[in-house]
Amino acid sequence: MKTLPTERALIASLRERLQAQPENLSGRRGAVRLGIGDDCAILRIPRGHEVLLTTDMSLEIIHFRRDWHSPESVGHRCLARGLSDLAAMGARPLAAFLSLALPQELTVPQRGRPTWRDRFFAGLLALARQHAIPLAGGDTAQSPARSGMRADNTRSRNTHVGNIRPDSTGLVMADIVLVGSAPRQRAMLRATAKAGDRIYVTGHLGGAAAELAALAAHPRRFAKAIITSDVSPTRHPHLFPQPRLAVGQALRIRRLATAAIDLSDGLSTDLDHLCEESGLGAVIDAACLPMHPLLGALGAMPLAAMEERLQLALHGGEDYELLFTASPKTRLPRRIAGVPITCIGEMLSCKRGLPRMQLAGSGTRLIPLRSAGWEHYRRR
Ligand SMILES: [Mg+2]
């Protein structure tokens, strides 16, 4: 980690905090031989394994809002996004690296309260502890002021974010790098599904989009309640999503899946990626989609209509569940690592003139399923 003079105290306190965590021990069993404090970290890769690497950027206004998300939630989500990518490939996480740019005022303690930065790290490290992943390095910088910049007409994932008051504070940017490993040639890929394979998802769909809609409607209601990531992911699928690492590793170890992807951008978009990489089409049965209980809890909101719920389950992003395919001959348990598994459709060979993805609804007719989840930088 580079040491700017103003950041020395942070690094010292982080180092102290991290060294107290068993997963950060540089001992014989840990993957991190050398962590924070030198120019580079040194990792040990298990014999016969390959390294899997993923990076994810969390940008204020684009991926979160400071007036909607607690710092703990931002820290949790930052790490969860990277971990979900490792989960999708069945990898075991070895270490995380974080580059963080913050406006100065978020690093200055006021009236003895923990700073935004401290609370961000509390959220991130709580999830790291849960999955025994060491934070082995990174970089910090002060985010420059953005005086006069307006944030109107931008989107935070799938929900329109408007009317952000212009101010002169800088923006938060967190970039996380996750390093994982898997036995050589055994990582699960997007490109290896076969025609006739069944399509499965873990957990429930649409919960994150439902919670985001509720958050957008009542940001203040969430502000005080959400200060810890030790909360039920069922209650807070958007604020504290749970990456499905145990399921991903079980699928790989038991060789159950033919292909896999994580649901970060929405079922329709992520399934489309898998179809494209595998050169196949897919049909999804709308009646089989495991709807998140929060979709029902939207009761009083106009979103509660059945059609709206279906749209959120199909296109709402950030559920961070896994979507995987398996041979029709493979018997899948109802739960893996305690997480429910649901069959939602089938992979098909691509036929000319037919849409790549189709949806089976209540009638016998198939309707085209359009990829309509989150796409970065797309203006809608
Ligand atoms: Mg992914």
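The values are calculated or read from the model by the stated rules, or taken from the named source; none is laboratory data. This is a predicted model, so every value here is computed, not measured. FYI the Cβ positions are ideal-geometry reconstructions off the backbone, even for glycines, and counts take in every protein chain you see. Note: areas computed on protein heavy atoms with side chains; ligands, DNA, RNA excluded. Shrake-Rupley method; radii C 1.70, N 1.55, O 1.52, S 1.80 Å.
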Amide H contacts under 5 Å for Gln358, placed H, 5+ residues apart:
Ala282, Val283, Ile284, Leu369
Computed E for Leu34/Arg335 - FRET, C-beta separation, R0 45 angstrom, nearest 0.05:
0.70
Let me test this: with uniform point scatterers at the alpha carbons of segment 258-298, what is the Debye-based log₁₀ I(q)/I(0) at q = 0.18, 0.21, 0.23, 0.28 1/Å?
-0.62, -0.78, -0.88, -1.08
In terms of solvent-accessible area of protein heavy atoms at a 1.4 angstrom probe, what is the ranking of Glu308, Glu321, Glu276, highest value first?
Glu276, Glu308, Glu321
Amide H neighbours of Ala259 under 5 Å, counting only residues 5+ apart in sequence or on other chains, H built in-plane at 1.01 Å?
Thr325
Read phi for every residue in segment 325-338 and hand back ³J(HN,Hα) as whole Hz from Karplus 6.51 cos²θ - 1.76 cosθ + 1.60, θ = phi - 60°, with x for Gly and Pro.
10, 8, 4, x, 7, 7, 8, 9, x, 5, 9, 10, 6, x
Once amide H atoms are built 1.01 Å from N in the peptide plane, which residues 5 or more positions from Gly137, or in another chain, come under 5 Å H to H?
Leu98
Rounded to two decimals, what is Rg over Rh for segment 198-368 when you use alpha-carbon atoms and the Kirkwood radius?
0.98
Contour minus Cα-Cα span, Arg235 to Ala216, at 0.36 nm per residue, comes to 5.2 nm
³J(HN,Hα) computed for each position of segment 272-288 - Karplus, 6.51 cos²θ - 1.76 cosθ + 1.60, integer Hz, glycine/proline x
4, 4, 5, 4, 4, 5, 8, x, 10, x, 8, 10, 10, 8, 4, 5, 8
How much area per residue is accessible in segment 198-368 when the probe is 1.4 Å and only protein heavy atoms are counted (Å²)?
45 Å²
